[in-house]
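J.: Take a look at the following structure, please.
The values are calculated or read from the model by the stated rules, or taken from the named source; none is laboratory data. Everything quoted here is computed from the prediction, not taken from an experiment. All Cβ positions, glycine included, derive from the backbone under ideal geometry; neighbour counts span all protein chains shown. Heavy atoms of the whole protein, side chains included, go into the accessibility calculation; ligands, DNA and RNA do not. Shrake-Rupley method; radii C 1.70, N 1.55, O 1.52, S 1.80 Å.
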There are 2 protein chains.
Amino acid sequence: MNITIKDVAKAANVSVATVSRVLNNKNNVSEEAVRAVNRAVDDLGYSPNFLGRDLRKSETKRILAIIGTTEQSFYNDVLRGMQDAAYVEGYDILIVTTRDNAEHEMHLLGMLFSRAVDGAVLLAPRLDSKTISDLSKRYRIAICLERLDIDDILCVTIDNERAGFDVTSYLIAKGRKRIGLITTKVRSQSSVDRENGYRRALKAAGIPYDEKLVYYGDYDLSSGTRGCEELMSLDSKPDAIFSISDTISIGAMTYAVQHGITVGKDLLFFGFDNITYSHMFMPRLSTVDQPCYLQGKTVIEKLIANMKTDTPDKSTYMLPHSLILRESTGD
Amino acid sequence: MNITIKDVAKAANVSVATVSRVLNNKNNVSEEAVRAVNRAVDDLGYSPNFLGRDLRKSETKRILAIIGTTEQSFYNDVLRGMQDAAYVEGYDILIVTTRDNAEHEMHLLGMLFSRAVDGAVLLAPRLDSKTISDLSKRYRIAICLERLDIDDILCVTIDNERAGFDVTSYLIAKGRKRIGLITTKVRSQSSVDRENGYRRALKAAGIPYDEKLVYYGDYDLSSGTRGCEELMSLDSKPDAIFSISDTISIGAMTYAVQHGITVGKDLLFFGFDNITYSHMFMPRLSTVDQPCYLQGKTVIEKLIANMKTDTPDKSTYMLPHSLILRESTGD
DNA sequence: TTGCCTATTGAAAACGATTAGAATTTATTG
DNA sequence: CAATAAATTCTAATCGTTTTCAATAGGCAA
């Protein structure tokens, strides 16, 4: 039914070994054989079955990128970086979504256990760090955009704690005393780290931490809106709001604008990620820029390097972030 | 080195055949054997090598979803629909991006030719329709969100021509006479269809087509901004602008707002896709809602059905769209 | 002609699973 | 208890490649 290497061999009047050699551009094969094989391949419309090849070679040249959902628009640059790095080494990146479900994440990692891919990058791990850490002993895994509290696994990220500290310190330097935080119920390490940075900055400035000023929501626009509404209904309202993502922050800012609050003066806003939308609307949103493309590129380079060695690199790499100051903080 | 089914067989003191039967939940195997095998599997931490299994079975239970970039936020719902439909049939969806490059699209389709996946869905084909049509004769391929001008391939989409007609007719009914169109240089079938609908509506209303009113740009926000700027610098300015995506339309509207144009009165805006951002900002954007989740779900159901038969369904399914009227059209 | 070296080639053994079909064990029946 | 049926189990073939190793052919020197 299907055309196999045997059919090509027969048509070209050579052995399957020779066909294989031609297909893989080995040098020890005569001009004549090359021609005959290529003709047969064309005539029959043959293309090699990767299942056979991969089984024999025990490698697939494919890497899994496990994300939560494709919604987070800044993944796009990360994935571009990953693809570019993979391309130069002859790998393909397969994207797969967990829909923020740990069980499904484990199911997808099954592709790794069962050798359907050579390695995996987790971009929004929901599994607990012990599990991931154990897996990383047997398989080629890396984390990107996040880190694990157990740090015996390859990680490429930014210093989120530091970024949270930087943002909060900046708002304090602007004379703000009651700084709200809109974060997520889901305790991703990056959210926790940003929150810790926020607390450290408060402490460093001698401002007492007030749990009422912290809102725990989801990752979407409307969650930001609800968060802002909640915080602004407090008896002593915040004078600045730091959100752990631009999407959330834009949702929050929308509430303020629609309720006549002067953004950038009465209330400052600071986001995170520097997505396209963050500078398209008035007032433009101050935010933290993280090197998405570079993180993606780096994690794949390191991961592929790890595949080639018995002594894998398990370091955590923190790439530099920067604050982008715009109208939402009165800049 | 790696643990194979043989190791499990040895540890459980049975043959590989029995191990395989236990692993695949066949009924003709004794309780005792099941226990022994399961224990051995746990002890050894074995998980089956899919390359071996897939080769033998000649199926992978994986379907490729080929998109342009993950940027387009409305893909998220489509992919969710695809995954849900795939899940009930035991398939996984692998997402892969062409970065809008036909050559790379062909490379990715290689996974189909080489049997690394069982089928593929094209969500933003860049290859010419002849090529795709030919491939669909040998492989299980479907199109989603788009269609081909050659219609001998499974397609799940909306009636984009009709939608373009509906939008334009609505604007005309609102008394508008000079209706601008912001579309894309890349001639995707959906863009072409929407543009054709636009023209048909003009003609039906006896309004002459004016090529100056059509701007060809990219898919992003800033392209909308540039498009609006260009159209508004015409001697006889448009009194309404239809953009082929919300992202573009929001970019366009941003230009208007920032230049003191009263949106919804001086200038009406109509978008396409009903993305989250479209109703988050004042003025809220009127747009076309297309059933993303349903299209994704449907295309996978039909594709999997096609995999089980020798007489595949090559129909084009057009699911219903609807107009969402908001402030940008004065509603 | 013979021998030796090199360049090609082919036969057959992997890779790790599934699955027919044969072989064995166990249960059932007269 | 023997004969038969049913339930398990095993051996070995198979999927489509790559790759080792042996075999062959051709060229060249002696």
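J.: Please specify each residue of the range A:216-248 satisfying the condition of being under 23 Å from A:G175 (Cβ atoms) and touching a Leu at 6+ places or on another chain (Cβ under 6 Å).
T.: Within the range A:216-248, A:P238, A:A240, A:F242 qualify.
J.: Okay, moving on. Give the residues of the range B:1-19 that are near DNA strand D (Cβ under 8 Å from one of its atoms), open to solvent by 20 Å² or more (accessible area, probe 1.4 Å) and in a helix (DSSP H, G or I), sorted by residue number.
T.: Selection gives B:V16, B:A17, B:T18.
J.: Would you say B:I93 is touching a Gly at 6+ places or on another chain (Cβ under 6 Å), assigned by TED's automatic domain parsing to the domain that holds B:H107 and β-branched (V, I, T)?
T.: Considered against the rule, which asks whether it is touching a Gly at 6+ places or on another chain (Cβ under 6 Å), assigned by TED's automatic domain parsing to the domain that holds B:H107 and β-branched (V, I, T), B:I93 comes out as no.
J.: Go through the range B:166-184 and report how many residues are more than 19 Å from B:L234 (Cβ to Cβ) and either in a loop (DSSP other than H, G, I, E, B) or not hydrophobic (A, V, I, L, M, F, W, C) (or both).
T.: 6
J.: Still on this structure, please answer the following. Answer yes or no: is there a residue in the range A:289-306 that is open to solvent by 60 Å² or more (accessible area, probe 1.4 Å) and in a loop (DSSP other than H, G, I, E, B).
T.: no
J.: Could you please find all residues in the range A:132-156 being surrounded by fewer than 18 Cβ atoms within 10 Å (Cβ to Cβ) and within 27 Å of A:D54 (Cβ to Cβ)?
T.: Once the filter is applied, which keeps residues that are surrounded by fewer than 18 Cβ atoms within 10 Å (Cβ to Cβ) and within 27 Å of A:D54 (Cβ to Cβ), the range A:132-156 yields A:D134, A:K137, A:R138, A:Y139.
J.: Follow-up question, since we're still on this one. Quick one: in the range B:79-89, which of the residues that are open to solvent by 10 Å² or more (accessible area, probe 1.4 Å) and within 11 Å of chain A (Cβ to nearest Cβ) is farthest from B:C292 (Cα to Cα)?
T.: The qualifying residue farthest from B:C292 (Cα to Cα) is B:Y87.
J.: Given the criterion more than 17 Å from A:S328 (Cα to Cα), within 14 Å of chain B (Cβ to nearest Cβ), at pLDDT 95 or above and assigned to a helix (DSSP H, G or I), identify the matching residue among A:R199, A:R226, A:R194.
T.: A:R226
J.: Take the range B:98-131 and flag every residue that is within 12 Å of another protein chain (Cβ to nearest Cβ) and open to solvent by less than 10 Å² (accessible area, probe 1.4 Å).
T.: Result: B:T98, B:L108, B:L109, B:M111, B:L112, B:S114, B:A116, B:V117, B:L123.
J.: Okay, moving on. Can you tell me which residues in the range A:23-39 are outside any loop (DSSP other than H, G, I, E, B), more than 9 Å from DNA strand D (Cβ to nearest atom) and closer than 24 Å to A:L51 by Cβ?
T.: A:V37, A:N38
J.: Scan the range B:20-45 residue by residue and report those that are more than 7 Å from DNA strand C (Cβ to nearest atom) and open to solvent by less than 50 Å² (accessible area, probe 1.4 Å).
T.: Answer for the range B:20-45, where residues must be more than 7 Å from DNA strand C (Cβ to nearest atom) and open to solvent by less than 50 Å² (accessible area, probe 1.4 Å): B:V22, B:V29, B:A33, B:V34, B:A36, B:V37, B:A40, B:V41, B:G45.
J.: Whether any residue in the range B:136-159 is within 13 Å of chain A (Cβ to nearest Cβ), in contact (Cβ under 8 Å) with a residue 12 or more places away in the chain and of a type in the set (A, V, I, L, M) is what I want to check.
T.: No.
J.: Right, here's the next one. Please work out which residue is farthest from DNA strand D (Cβ to nearest atom), limiting yourself to the range A:46-71 and to residues that are among the small types (G, A, S) and surrounded by 14 or more Cβ atoms within 10 Å (Cβ to Cβ).
T.: A:G68
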